[in-house]
Structure formats: C-alpha cells, structure tokens
1. Using the structure shown, decide if ARG69 is surrounded by 11 or more Cβ atoms within 10 Å (Cβ to Cβ), among the charged types (D, E, K, R) and under 22 Å from the mean Cα position of the chain (by Cα).
2. Across region 43-59, what is the total count of residues that are surrounded by 10 or more Cβ atoms within 10 Å (Cβ to Cβ) and either touching a Ser or Thr at 6+ places or on another chain (Cβ under 9 Å) or basic (Lys, Arg) (or both)?
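Taken together, the values in this text are just the output of simple stated rules run on the coordinates, not laboratory data. Quick caveat, the model's predicted, so the values are computed rather than measured. Don't worry about glycine lacking a Cβ; one is built from the backbone with ideal geometry, like all the others, and counts go over all protein chains shown.
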Amino acid sequence: MAKKTGLTNSVTLGKRKISSTQKGGLNIQKVNKGVENIHKDKQKNIRLSIDVPENIYLKLKAKTIQDRRTVRGYVLGLIEKDLK
C-alpha cells in the first residue's frame, strides 16, 4: 500500500523532510494561501505564434530594446490599440 503524504503535514526539500510543526519549519497553510493569492486574478492566456521575416524581427527587437519594453508587451499594446 502506498504511503499517503500531503502538504498539510510536511514537505520534502531535497532529501530532508520538513514538518510544519518543526521549529523553523514551513507554515504550509501560509504557503498555500500565498500561492492562491498569486494565481487568483490572472486571466487565461492563449498562445499566439507567427512567422516573421528576419529583417522585420530585427527591427522589432531593436525598437523594443530602445523603448525598454518586451516584444510581448509591444505587440499586445499594438493589438489593444487597434481593437479600440
């Protein structure tokens, strides 16, 4: 029979098992609540892939670096602006 383990009792870090009751151990409830808070308000994303000619991509990359933006942020901005 397989041994049941759960995050509510302990967690394994590498080869060392840390119990939530150990002094200095992890507070599992606090960790779980933090994870929930990180992920609760995120919108679902859909991946979009396009093939771009190299010369256009290089200009795009240079512009985003100059503007201190990501290519993703730049393209999303263009799409949002066009859809208004």
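1. Yes, satisfied.
2. So the answer is 1.
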